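Working notes, structure below.
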Amino acid sequence: MSQESIVDVRDLEVKFYTYAGIVEALDGVNLSIKKGEILGLVGETGCGKSVTSLSIMRLVPPPGKIVGGRILYKYGSVQGNVLEMSDHSLRKLRGKDVSMIFQEPRAYLNPVYSVEDQIGEVMLVHKKEEILQNAVSAIEKKLIENRRIALEKQRVRLEKQKTRNKKDKMKLEERRARLEKEISKLASKPPSNFEVRIYKRLIRSPRSRIVAFQARFSRKRQFKKELRKEVVRVLRSVEIPDPERVARMYPHELSGGMAQRIVISMALSCNPTLLIADEPTTNLDVTVQAQILNLIVTLKKGLGSSILYITHDLGVVAQSCERVAVMYAGNIIETADVFETFSNPLHPYTRALLRSIPRPGEPFRSIPGFVPSLVNPLPGCRFHDRCEYAMEICRKTKPPFFEVKPSHYVACHLYGGLK
Amino acid sequence: MRPRIAEWRFMLKRIRQSSLAVAGLLILLAFVAIAVLAPVLAPPYSSDPFIVPADRLLAAVTPSPTPPTTAHIFGTIGSDQGQFDLYYICIWGTITAFRVGVLVVAASLLIGLIIGTAAAFYGGILDEVLMRFTDVIIAFPTLVLAMVLAIAFPGSIPINFSMVMLAVSLIVMFALLAIRPDRRLMLVDLLIIVFSLYSVFSFPLNVQLGLSQLDKVLFAITIVGWPGYARVIRGEIMRVKNEDYVEASKASGSSDFRTIIKHILPNSIYPILIVATLDIGSIVLTTAALAFIGVGAPVNYADWGQAISRAQSWISSADLIIKNMHVFVIPGLFIVFFVVGWNLLGDALRDVLDPMMRRR
Amino acid sequence: MTNLFAYIIRRLIMLVFVILGVTILIFAITMLLPLNIRALLYINNPQHFHELIEPTIKAYGLNDPFYMQYGRWLSQVLQGNLGTSAYFSQPIAEAIAQRWPLTVEIVIFAAPIIIFVGIFIGVQSAIHRNTPIDHASRVFAVLGWSLPSFLVGMTLLAIFYGWLHVLGPGSLSDSTRLYVSSLPHYVHYTGMDIFDGLLNGVPWISWDALLHCILPTVTIVTIDVALLIRVMRSSMLESLGKPYIITARAKGLDEKVVIYKHARRNALIPVATLSGMLVAGLLGGLIITETVFGFGGLGQFAADAARNFDTPAVLGYAILSAVVFVIANLIVDLLYAYIDPRIRLD
């Protein structure tokens, strides 16, 4: 199955310059997301999953800094290396081509603005033209209808009118003909009013300051109505009951599950190519978890997007993901198809991870040792001090990340790869 | 204890890294040096070093302030009783400033701590009543209420402020020894005891039981100040109260008092320390302001605010202001630097403790 | 919206209670005073108050229990009788009413400057963290807050009055004041010469008053703006570190929108509370600043009264000050509820 990849992360390096020292959070991450797939990104807390996802959108907050590597975005209107894109392209990318949902949804929503404010915001940036067009159509439809009714009334009146002589009859005929012509022209040249003209001008020249200034004089009622309608539609698509009421609510009035749905709706509202989901269900109840997971998968199918699903829950991975990437201490150490990963794990860490899943009747098995400190890390493979297969070379050289079997990549000296 | 020590070391390192904080510390150290060396720098003329010597010879020549000369390095402030040496006032005023600042802050802090802790810990009606009470006091702008209280306080009650502080700090020391010998708290308390002792005994013993005007002011500012601390500590305790380790402590049978001292206070005390540090400067400003209005230390007392207050009568016209500028500028600069020092330290503490508090 | 309404009602009720508490506190303080001074609280006649003391003591039963006296005193206050000032030989309420407009004159200029400049610099300081702009504003903030107001005032006077002979103390220059008192038809509409001058058709009086407001305004602004800058800065920094800012950026919003629409609105919440308290304090009288400049407003009234141990006057002033403070706080709370929807629920 050769699917094209939409995002290619190559040798990504991210460092955090903190008071305690320089934390080498990402040490050459290689990741590739294909079109329409669900890629699971697993790893322990602190291994760098979130940083990777934030990097894709260049959202790494200070004191973090992306210091090396490339993130190639290969789809949609904005292509190229995300790390070198102009601010303008970056803003077009965010929210429209790539969007993100987070772990604690209520914390990630601004508490002083209502739900419809925040969802509407995204649409205003990326879908403004579409909504303006909707507004135009809606108003024109109404105007046409009103005019038609008026004209129809006129026609009826004309019909009922009695004529006294031939001259009157001719005049009447003339008027009737004019009326018919007007009625037939309605569809092609609709009547207009100030609001519609403003909208049309906005569609034609979105950046013009003159038009923006003129737009201030209009209440833009229809536009706001259309925006609200769109917000409600989006809310309905994530199965929120009574969306009109919810739209007016504030984040602190929402439950965790509802807030997460809203965040999802916000992320999907502009039909992104890639959705990054950073542990979206970790803080939710188990039953809600299942609901949200199903929702995400269903929506993805409908939109044809790809999903980068970040989690530390292997059960979710097994259930929903098509491919898996395993991360440890700032490196991707194994990437493969999900069945392949679970049945035939190659990297010692992956194996240990799968072994440590609690099974009834068996004793607990954990991985001995601790995750290494990422401040001044040791050279070589970062797992070597906990690895049961560690060799001399593992202490000195970092293993390269390469394709051991078709579509199965590993970074481990056990499988060679050094030229 | 180990993680605590590591925390303090980290904190010190952070303080060292901030140049503003170091500047603040240096300023304060300079003032401490002045305070300690006061008897050397400006030898006292009478048994009470805080009474400024009056140069009557110079007063006979001219009653108005004189600019700096070799005899009087900073110049003098005039009065009919004799010229007061500004240098002397500034040097001994340093000790007064420290006394006022530290004692009043310590007192307000203790009262606020007790009331705030009680209100937060026991909640319910006690909390409501105490909080309404603090609301009423906070409803007054600080200076206004302090002024009112300083005036209305009866002229003589049988104790003065330093004696009160001494008694309170001794009680606290006994409490600490009985319940939980915490070295840090004991060290701070020891300092306060030493301070109060010094304050008490620096008065000649016959000035006993009347309240000097300065004492009234100190009482007044304390009464105005404690609600601030009460509110802060109450907020912190409300936050900490519901944490698991408090439940655990109660579940293991600790008395309320033990739980408070051992678990709740150490985790909620940092914001108060920041407020206290910043407050010392603020209180010195308030005292100076009150002295400026005329409600402060007596006329011949060595206090910066008092000196500036006297300056008022000598700047009534345009020329006089320029001529006698030194009378308010010099003590004024002392005040400014003193307050800046404490403010820098307080800011640095806040910058350092803030991320640490968040990490919890 | 009924939530907002209920909230307002609740706050109003609390306001009444706090004001009652304030009056009780003041009254308790008066009980510390000797009898004949307390009598002055009930007398409204500046001419012959000495003779009136004895009869007043009897008439108002100043030897009765606390609550009875409190009741009587409170009813007097509510009728507008705050007593007589021995020092000023004036009914206190009248003295306050005369002088308050002058204080307001300064506050009208000082308050907006403090608030807007403080917010602006605070926000910029937070956005450009650790750049020279930030360091400069932080240094200014620490310095400004450490300055005693009388020092700033006196220094400014020394420079502008003593050295440059430009702006002087007082709310009007002496010559202007003489002129005003000599005008037969000069009506004090607002009590503030800035406006009265215009309303009476003598604009240069307004100009003179305006000039005299400059130095006191600068004094008070220097000190208070420092506090606002510091609070705004730290609040803004905290707001910028919040998760919803990452969401806002992830939505593709322009950085300016992220900062000003999302971060700043949240950051303004604590600043609004602080500003309100600040303005409330200002309206209660700038005791020190007015005294330094001899402005003749409410603050100077309080200072003079205090210096001369005229306790009834000081107490009357304290009541007014507290009431202004409490009402201003209420307004701030309402504003707060408007900005932050979370408050409306409880």
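The values are calculated or read from the model by the stated rules, or taken from the named source; none is laboratory data. Note that the structure is predicted; figures quoted are calculated from it, not measured. Neighbour counts are summed over all protein chains in view; Cβ atoms, including those assigned to glycine, are modelled from backbone coordinates with ideal geometry.
Details
- One residue stands out in segment A:102-145 among those that are among the basic types (Lys, Arg) and within 30 Å of A:SER255 (Cβ to Cβ): the one that is nearest to the other protein chains (Cβ to nearest Cβ), namely A:ARG106.
- Screening C:ILE133, C:ILE115, C:ILE96, C:ILE121 for residues that are under 26 Å from C:ILE287 (Cβ atoms) and in contact with a Ser or Thr (Cβ under 9 Å, 6 or more places away or on another chain) leaves exactly one candidate, C:ILE115.
- A count restricted to segment B:105-149 and to residues that are of a type outside the set (Asp, Glu), part of a helix (DSSP H, G or I) and either closer than 29 Å to B:ALA289 by Cα or within 14 Å of chain C (Cβ to nearest Cβ) (or both) stands at 29.
For every residue, the table says whether it meets (1) in contact with an Asp or Glu (Cβ under 6 Å, 6 or more places away or on another chain); (2) under 30 Å from C:GLY241 (Cβ atoms).
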| position | (1), (2) |
| --- | --- |
| A:PRO105 | no, yes |
| A:GLU116 | no, yes |
| A:ILE131 | yes, no |
| A:ASN134 | yes, no |
| A:SER137 | no, no |
| A:LYS153 | no, no |
| A:LYS160 | no, no |
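- Taken as a whole, the condition of being within 12 Å of chain C (Cβ to nearest Cβ) and either in contact with a strand residue (DSSP E or B) (Cβ under 7 Å, 6 or more places away or on another chain) or more than 28 Å from A:ILE22 (Cβ to Cβ) (or both) does not apply to A:VAL67.
Here's the yes/no breakdown for (1) part of a helix (DSSP H, G or I); (2) among the polar types (S, T, N, Q); (3) over 30 Å from C:SER182 (Cα atoms); (4) in the same structural domain as C:GLY284 (by TED's automatic domain parsing):
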| residue | (1), (2), (3), (4) |
| --- | --- |
| C:ALA209 | yes, no, no, yes |
| C:ARG233 | yes, no, yes, yes |
| C:ARG249 | yes, no, yes, yes |
| C:GLY252 | no, no, yes, yes |
| C:TYR260 | yes, no, yes, yes |
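- The residues listed here are C:ILE327, C:ILE331, C:ILE319, C:ILE287; of these, the one that is at pLDDT 85 or above, aliphatic (A, V, I, L, M) and assigned by TED's automatic domain parsing to the domain that holds C:LEU167 is C:ILE287.
- Any hit, segment A:405-414, residues being free of Cβ contacts under 8 Å to residues at least 24 places away in the same chain, closer than 22 Å to A:GLU279 by Cβ and surrounded by fewer than 16 Cβ atoms within 10 Å (Cβ to Cβ): no
- Enumeration of residues in segment A:243-267 that are under 18 Å from A:LEU227 (Cα atoms), of a type in the set (A, V, I, L, M) and within 12 Å of chain C (Cβ to nearest Cβ): A:MET249, A:ILE262, A:VAL263, A:MET266, A:ALA267
- Test: residue in segment C:139-159 that is surrounded by fewer than 15 Cβ atoms within 10 Å (Cβ to Cβ) and among the small types (Gly, Ala, Ser): no
- Those helices (runs of 4 or more DSSP H) of segment A:82-163 in which 3 or more residues are modelled with pLDDT of 90 or more, under 21 Å from C:TYR244 (Cβ atoms) and not charged (D, E, K, R) occupy A:115-126.
- C:GLY281 being within 8 Å of another protein chain (Cβ to nearest Cβ), out of contact with any Gly (no Cβ under 9 Å at 6 or more places or on another chain) and within 26 Å of C:ARG99 (Cα to Cα): yes
- Selection status of C:PRO312, more than 9 Å from chain B (Cβ to nearest Cβ), part of a helix (DSSP H, G or I), in contact (Cβ under 8 Å) with a residue 12 or more places away in the chain and closer than 21 Å to C:THR222 by Cα: no
- Filter result for C:ASN44 (of a type outside the set (Phe, Trp, Tyr), in a loop (DSSP other than H, G, I, E, B), surrounded by 13 or more Cβ atoms within 10 Å (Cβ to Cβ) and modelled with pLDDT under 75): yes
- Boolean, C:VAL323 is surrounded by fewer than 22 Cβ atoms within 10 Å (Cβ to Cβ) and away from chain A (no Cβ under 14 Å): yes
- Filtered residues of segment C:127-140 (kept if closer than 20 Å to B:ALA23 by Cβ, in a helix (DSSP H, G or I) and more than 9 Å from every other protein chain (Cβ to nearest Cβ)): C:PRO132, C:ILE133, C:ASP134, C:ALA136, C:SER137, C:PHE140
- Filter result for the condition that a residue is under 20 Å from the mean Cα position of the chain (by Cα), surrounded by 21 or more Cβ atoms within 10 Å (Cβ to Cβ), facing another protein chain (nearest Cβ under 9 Å) and assigned to a helix (DSSP H, G or I), over C:ILE288, C:ILE229: C:ILE288
- Of the helices (runs of 4 or more DSSP H) lying entirely inside segment A:294-399, those containing at least 2 residues that are in contact (Cβ under 8 Å) with a residue 40 or more places away in the chain and either assigned by TED's automatic domain parsing to the domain that holds A:ILE22 or of a type in the set (Asp, Glu) (or both) are A:314-320, A:338-343, A:348-355.
- For B:ARG239, the conditions (1) in a helix (DSSP H, G or I); (2) within 14 Å of another protein chain (Cβ to nearest Cβ); (3) not β-branched (Val, Ile, Thr) all hold with the exception of (2).
- All of C:ALA126, C:ALA136, C:ALA111, C:ALA86 fail the test of being modelled with pLDDT of 85 or more, surrounded by 17 or more Cβ atoms within 10 Å (Cβ to Cβ) and either farther than 22 Å from C:PHE293 by Cβ or in the same structural domain as C:ILE19 (by TED's automatic domain parsing) (or both), apart from C:ALA126.
- Flag if A:GLU230 is in a helix (DSSP H, G or I) and at pLDDT 80 or above: yes
- When segment C:147-160 is filtered for residues that are without any contact (Cβ under 8 Å) to a residue 60 or more places away in the chain and more than 15 Å from B:GLN312 (Cα to Cα), the ones remaining, listed by number, are C:ILE159, C:PHE160.
- Selected residue [surrounded by 20 or more Cβ atoms within 10 Å (Cβ to Cβ), without any contact (Cβ under 8 Å) to a residue 60 or more places away in the chain and of a type in the set (A, V, I, L, M)] from A:ILE240, A:ILE276, A:ILE262: A:ILE240
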